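**Q** Submitted below is the structure of interest, expressed as structure tokens.
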């Protein structure tokens, strides 16, 4: 009989690839979420429970009498969320895998980042909430033996996600021959991981008793500068000679405050990770999707789905203002 896994979520950027990987590896997969995604539909091989996980009564009724070897929770972002989810599956699973974030690590710490790097983020509430979630579930593990595994993704993408600062607004600017804003001087190191590569390592942790009570981060092996990342996106979009305007993270945050916590709490710093811990379980891992290939997947997807091509006029105008301030600090690539 196949081992079973329940995905809370299952149609997001990361979780959809994990669902497909689990199916490919022979797991009996159930997906619980509010509904289908046009871009990332639930595979027909999976069982779908269509209910809002935040509705404890309805979700509890939907899960009544069911048990799963593994529960993978992609939907908890606060302690309240994770407490609700655990309440639904406690006593019904041998392993609860909670998705945290590598943005919880103290930035500017010694590289490469390991699982023992301190969890500190004074800039970004999202990261602080995930740190609190980790503390909550680890306390349950210590005091009650609850079978928790923590997974910290870093910057993970698929064909439906642009990993750059301005999203499609940047691509539209590139194709119009306008410069795009890149934070800092564009030379800090960053790790982008395709969701399918993440999924291989993620599913390798399922059902492994050695993973209980342990945190893991999962990334690919390719490390690029932000200049290189933007160059690959430009080339994928058919722009051979992109022009970049380098602006400090603080300068970007001043013009677009919504980007401040994300920039100052994560991508301003180098993101290079030692993934030797998870690779003990994900034997045979080899990154299959380098970013030059991933960038082409992204542009092809967006070109095939015009509804995704959303230009933010306020951000576009803010980028023009930033560029005017840095004048000739543009770097053709």
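The values are calculated or read from the model by the stated rules, or taken from the named source; none is laboratory data. Everything numeric in this text was worked out from a predicted model, so none of it was measured. Counting neighbours? That spans all protein chains shown, and the Cβs are built from the backbone with ideal geometry, glycine included.
**Q** Quick one: would you say residue 128 is out of contact with any strand residue (DSSP E or B) (no Cβ under 7 Å at 6 or more places or on another chain) and either touching a residue at least 60 places away in the same chain (Cβ under 8 Å) or on the phi > 0 side of the Ramachandran plot (or both)?
**A** no
**Q** Next question. Quick one: residue 258 ticks every box in (1) exposed (fewer than 15 other Cβ atoms within 10 Å of the Cβ); (2) more than 22 Å from the chain's Cα centre (by Cα) except a single one, so which number is it?
**A** (2)
**Q** Can you tell me which of (1) touching a helix residue (DSSP H, G or I) at 6+ places or on another chain (Cβ under 7 Å); (2) surrounded by 19 or more Cβ atoms within 10 Å (Cβ to Cβ); (3) assigned to a helix (DSSP H, G or I) is the one residue 98 doesn't meet?
**A** It is condition (3) that residue 98 fails.
**Q** Just give me the residues in the stretch 120-145 being over 17 Å from the mean Cα position of the chain (by Cα) and not in a loop (DSSP other than H, G, I, E, B), in sequence order.
**A** Those that are over 17 Å from the mean Cα position of the chain (by Cα) and not in a loop (DSSP other than H, G, I, E, B): 132, 135, 136, 137, 138, 139, 140, 141, 142, 143, 144.
**Q** I'd like to know if the stretch 150-157 contains one or more residues that are under 22 Å from residue 306 (Cα atoms) and under 21 Å from the mean Cα position of the chain (by Cα).
**A** Checked the stretch 150-157: at least one residue is under 22 Å from residue 306 (Cα atoms) and under 21 Å from the mean Cα position of the chain (by Cα).
**Q** Next question. Hey, can you tell me all the residues within the stretch 31-55 that are surrounded by 18 or more Cβ atoms within 10 Å (Cβ to Cβ), without any contact (Cβ under 8 Å) to a residue 40 or more places away in the chain and within 21 Å of the chain's Cα centre (by Cα)?
**A** Within the stretch 31-55, 31, 32, 42 qualify.
**Q** Separate question: May I ask you to list the residues in the stretch 269-281 that are in contact with a strand residue (DSSP E or B) (Cβ under 9 Å, 6 or more places away or on another chain) and surrounded by fewer than 19 Cβ atoms within 10 Å (Cβ to Cβ)?
**A** Result: 270, 272, 274, 277, 281.
**Q** Restricted to the stretch 104-123, and to residues that are at pLDDT below 95 and in contact with a helix residue (DSSP H, G or I) (Cβ under 6 Å, 6 or more places away or on another chain), which residue is surrounded by the most Cβ atoms within 10 Å (Cβ to Cβ)?
**A** For the stretch 104-123, the residue satisfying everything is 121.
**Q** Say we look at the stretch 288-310 and pick out the residues that are loosely packed, with under 15 Cβ neighbours inside 10 Å and touching a residue at least 60 places away in the same chain (Cβ under 8 Å); which of these is farthest from residue 111 (Cα to Cα)?
**A** 305
**Q** With respect to residue 323, determine if the residue is under 13 Å from residue 183 (Cα atoms), in contact (Cβ under 8 Å) with a residue 40 or more places away in the chain, over 21 Å from the mean Cα position of the chain (by Cα) and assigned by TED's automatic domain parsing to the domain that holds residue 165.
**A** Considered against the rule, which asks whether it is under 13 Å from residue 183 (Cα atoms), in contact (Cβ under 8 Å) with a residue 40 or more places away in the chain, over 21 Å from the mean Cα position of the chain (by Cα) and assigned by TED's automatic domain parsing to the domain that holds residue 165, residue 323 comes out as yes.
Here's the yes/no breakdown for (1) surrounded by 18 or more Cβ atoms within 10 Å (Cβ to Cβ); (2) in the same structural domain as residue 96 (by TED's automatic domain parsing):
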residue: 173; (1), (2): yes, no
residue: 179; (1), (2): yes, no
residue: 184; (1), (2): yes, no
residue: 208; (1), (2): no, yes
residue: 238; (1), (2): no, no
residue: 254; (1), (2): no, no
residue: 262; (1), (2): yes, no
residue: 267; (1), (2): yes, no
